[in-house]
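FYI, it's all coordinate maths here, none of it is from the lab. Quick caveat, the model's predicted, so the values are computed rather than measured. All Cβ positions, even for glycine, are placed from backbone atoms using ideal geometry, and neighbour counts span all protein chains on display.
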């Protein structure tokens, strides 16, 4: 997982990881990389940055008016995201869902955070009309 940004500072390229491992590497990066062809098989590279977990965690905290964040919330968020990865994604070499499904993923992550907060008995903040923005 070469996660450094920008792409020019990445620890290695997606192509290097796939070629060095003879196609066995599971690759996620912190920067965008083009798909990689290795011996006729195309690997589509997942970008493992802040897009999939943090927005959903924030949404869950805000909607659930949760007072604090716990490690279990992040673990449950990660499991919820993993559940969004389809067999078709895996076949294409993705370990994250397609970015086009980000809203569905954020909903799943937010729901997991709220469920965990309730399970842990974390009290919600009192509702205040001033914290709700008009649409």
Report summary line: Taking Cα atoms, the helix 71-83 axis meets the longest principal axis of the chain at an angle in degrees (rounded to 10) of 50 degrees
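With each run of n ≥ 4 DSSP H residues scored as -39500 (n - 2.57), what mean residue ellipticity at 222 nm is computed for the chain after dividing by its residue count and rounding to the nearest 500 deg cm²/dmol? Walk me through the intermediate numbers first.
On the way: 5 runs with 53 residues, N = 135.
Here the helix-only value at 222 nm equals -11500 deg cm²/dmol.
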Report summary line: In Å, the Kirkwood estimate of hydrodynamic radius for the chain over Cα pairs equals 16.5 Å
**Report entry** Label zone at residue 11, where the point sits 7 Å out along the Cα-to-Cβ direction: the stretch 65-108 residues whose backbone N lies under 18 Å
**Finding:** 95-96
Report summary line: Expected max-MSF residue from 25, 88, 51 in the GNM of the chain (alpha carbon, under 10 Å) is 88
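Translational diffusion coefficient, Stokes-Einstein: compute it for the stretch 50-125 using the Kirkwood radius over C-alpha pairs as Rh, at 10 °C and 1.306 mPa s, and state it as an integer in µm² s⁻¹.
On the way: Rh = 12.4 Å.
Roughly 128 µm²/s, to the nearest whole number.
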Report summary line: Taking Cα atoms, the helix 54-63 axis meets the longest principal axis of the chain at an angle in degrees (rounded to 10) of 10 degrees
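Could you tell me the convex hull volume per residue, in Å³, taken over the Cα atoms of the stretch 17-93? Before the final figure, lay out the partial values.
Values: hull volume 8.1 nm³, N = 77.
Hull volume over Cα atoms, normalised by residue count, gives 106 Å³.
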Query - Amide N proximity, the stretch 1-45 versus residue 98 label position 7 Å along Cα-to-Cβ, cut-off under 20 Å - result: 27-29, 32-37, 41-45
Query raised in the report: Tell me, in nm to one decimal, what length is gained between residue 54 and residue 79 on full extension, where the rule is 0.36 nm per residue of separation less the Cα-Cα distance?
Result: 7.6 nm
**Report entry** Förster radius 30 Å - calculated FRET efficiency between residue 63 and residue 19 (Cβ-Cβ, nearest 0.05)
**Finding:** 0.10
